[in-house]
Amino acid sequence: MVKATAPIFALFFGLLMGLEEPDTKVFGSVILIVLGLFMATQGNSEFNMTGFFLVFFATVISGFRWNLLQILLQGEESLPTPMHVLEVVAPISGVLILVLSLLFETPWDGALNPFFDSLKGWEDISLLVAAGGFLAIGL
């Protein structure tokens, strides 16, 4: 349910950065979207304060990122489409995720998923990752 507030933060940062003008129609649309998302995701779940703050912080940063991307696309002649931005951002993101995963996941301690014990497991994971990448680019 926390993630449903992402449009609010995107609008908030858009207003702060001067990308959006205050408009009651936009506010009304965002509120209706958020209410619909709240109703769709409402359910019984156990509350975890750490998880709540992690998701909340990720949602706030997501709204900020969307606005930075809009500024980047509007201001750069060399980045006319989102695919060009992806070309620039993806390698940096990939390296950062690799470093963080090596720091936090510690694959060298032998606690890897048994899926990686065989060559077939590595092939399946590689195909799964490639399929996800092609799907992400295709969308």
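The values are calculated or read from the model by the stated rules, or taken from the named source; none is laboratory data. What you see is a predicted model; the values in this text were computed from it and never measured. Note: ideal-geometry Cβ built from the backbone for every residue, glycine included; neighbour counts use all protein chains shown. Accessible surface is based on the protein model in full, side chains and every heavy atom, while ligands, DNA and RNA are left aside. Shrake-Rupley method; radii C 1.70, N 1.55, O 1.52, S 1.80 Å.
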*Contacts under 8 angstrom Cβ, first residue in segment 51-70 being closer than 10 Å to PHE9 by Cβ, partner not in a helix (DSSP H, G or I), 6 or more apart*: ASN67/MET17; ASN67/LEU19
*Is it true that some residue in segment 50-73 is at pLDDT below 85 and in contact with a Ser or Thr (Cβ under 9 Å, 6 or more places away or on another chain)?*
yes
_Tally, over segment 21-47, of residues that are open to solvent by less than 90 Å² (accessible area, probe 1.4 Å) and not in a helix (DSSP H, G or I)_ = 2
*asked:* Cβ-Cβ distance below 9 Å, separation of 6 or more or different chains: which pairs start in segment 112-139 with a residue that is part of a helix (DSSP H, G or I) and of a type outside the set (Asp, Glu) and end on one that is open to solvent by 70 Å² or more (accessible area, probe 1.4 Å) and modelled with pLDDT of 80 or more?
replied: PHE115/TRP122; PHE116/TRP122
*Could you identify the single residue in PHE47, PHE52, PHE12 that is closer than 30 Å to GLY75 by Cα and among the aromatic types (Phe, Trp, Tyr)?*
PHE12
*asked:* Out of everything in segment 53-106 that is closer than 21 Å to GLY133 by Cβ and part of a loop (DSSP other than H, G, I, E, B), what residue ends up being least open to solvent (accessible area, probe 1.4 Å)?
replied: LEU79
_Filter result for GLY18 (assigned to a helix (DSSP H, G or I) and either hydroxyl-bearing (Ser, Thr, Tyr) or over 28 Å from GLY133 (Cβ atoms) (or both))_ = no
